[in-house]
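Undergrad: Supplied in structure tokens, the structure appears directly below.
All of the numbers you see were taken from the coordinates with simple rules; none came from a lab. Remember, it's a predicted structure, so these values are computed and weren't measured experimentally. Note that we place each Cβ from the backbone using ideal geometry, even for glycine, and neighbour counts take in every protein chain shown.
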Amino acid sequence: NAGVTQTPKFQVLKTGQSMTLQCAQDMNHNSMYWYRQDPGMGLRLIYYSASEGTTDKGEVPNGYNVSRLNKREFSLRLESAAPSQTSVYFCASRETKFRAGPEKLFFGSGTQLSVL
Amino acid sequence: LAKTTQPISMDSYEGQEVNITCSHNNIATNDYITWYQQFPSQGPRFIIQGYKTKVTNEVASLFIPADRKSSTLSLPRVSLSDTAVYYCLVGRDNDYKLSFGAGTTVTVRA
């Protein structure tokens with residue numbers, strides 16, 4: 001069981017270049033998330049998708065776009081990369097369950113992105 | 001989401017018990033308390049979740065007083081491999097905007 005898979009693991013971009021970070025989950029979860037984590041800081045929510053066909057902005061959406069391609073896949077696109085977007089990006093999915101309490105988040109291993 | 005406050009860092013030694021307290025003064029009736037652990041170069045992983053009193057699993061215990069305005073994550077007899085960042089989240093079933101604060105960096109020394 002692979003869980004949440006992110007590609008690529010590392011990427012170096014020049015300012016102004018574009019790229020798409022890929023994320024896929026095989027746990028049949030409804031909700032998916034993109035976070036960024038800067039050195040020494042916590043995770044900040046970029047975008048999330050509560051269910052297939054919907055996406056919403058998080059805390060720091062500027063400079064990013066997302067696509068929920070299907071239930072399994074949620075991609076993050078940087079149209080024109082800036083040095084301020086140098087960070088580690090984590091994708092997560094949220095379990096679907098029928099008990100009380102917030103569902104668990106399951107995270108991928110991250111993509112380390114450097115923008116020069 | 002209810003705002004949470006937790007210490008920035010804690011140091012400990014192998015074999016000791018580590019207790020991390022999280023304050024959440026404006027917790028709502030339907031909110032639960034959830035803790036995640038993050039090792040270097042990895043994404044966070046779920047540790048434990050509770051609503052009131054005490055919850056225990058194979059990794060940790062979570063103590064929640066009656067007023068629920070704070071909670072304490074207890075890690076028994078830590079080892080070097082417990083060195084990580086620990087995040088406290090407060091939220092409910094339909095909270096989709098799940099954000100993590102800076103967390104508590106726990107460093108375990110030999």
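Undergrad: Picking from B:N57, B:N26, B:N94, which is most flexible by a Gaussian network model of chain B using Cα springs under 10 Å?
TA: B:N94
Undergrad: Sort chain B into rounded, prolate or oblate with this rule: let a ≥ b ≥ c be the square roots of the eigenvalues of the Cα gyration tensor; rounded if a/c is under 1.5, and if a/c is not under 1.5, prolate when a/b is larger than b/c, oblate otherwise.
TA: prolate
Undergrad: Mind listing which GluC sites (Glu not before Pro) in region A:44-81 are in a DSSP loop and have 14 or fewer other Cβ atoms within 10 Å?
TA: Passing both the DSSP loop test and the Cβ count: A:E59, A:E79.
Undergrad: Cut-off under 13 Å on the C-alpha distance; same-chain residues fewer than 8 positions from A:K104 excluded. Which aspartates and glutamates are left, in chain and number order?
TA: A:K104 reaches A:E95, B:D93, B:D95.
Undergrad: Additional query: Just to check I understand the Karplus step: with θ = phi - 60° and J = 6.51 cos²θ - 1.76 cosθ + 1.60, what whole-Hz values come out for region A:13-21, glycine and proline as x?
TA: Running phi through 6.51 cos²θ - 1.76 cosθ + 1.60 with θ = phi - 60° gives 10, 9, 3, x, 6, 10, 6, 10, 8 Hz.
Undergrad: How long is the protein assembly as shown along each principal axis, judged by its Cα atoms, biggest number first, in Å?
TA: Per principal axis, max minus min of the Cα coordinates gives 50, 41, 34 Å.
Undergrad: Which one, A:F90, A:F106, A:F74, has the greatest fluctuation when you compute a Gaussian network model over chain A with C-alpha springs under 10 angstrom?
TA: Among A:F90, A:F106, A:F74, the largest GNM mean-square fluctuation belongs to A:F106.
Undergrad: Relative contact order (percent) for chain A, with alpha-carbon contacts under 8 angstrom and 6 or more residues of separation?
TA: Relative CO of chain A lands at 35 percent.
Undergrad: For region B:9-110, what's the relative contact order in percent, using C-alpha pairs closer than 8 Å and at least 6 residues apart?
TA: RCO, region B:9-110: 37 percent.
Undergrad: I've got another one for you. What residue among B:Q16, B:Q37, B:Q49 shows peak mean-square fluctuation when chain B is described by a Gaussian network model with Cα springs under 10 Å?
TA: The residue that fluctuates most here is B:Q16.
Undergrad: Past the 20 angstrom mark, what percentage of all C-alpha to C-alpha distances in chain A do you count?
TA: Everything past 20 Å amounts to 37 percent.
Undergrad: Counting pairs of Cα atoms in region B:1-56, how many percent are more than 14 Å apart?
TA: Taking all Cα-Cα pairs of region B:1-56, the fraction more than 14 Å apart is 68 percent.
Undergrad: Which whole-angstrom value gives the distance between the alpha carbon centres of region A:67-116 and region B:80-110?
TA: 17
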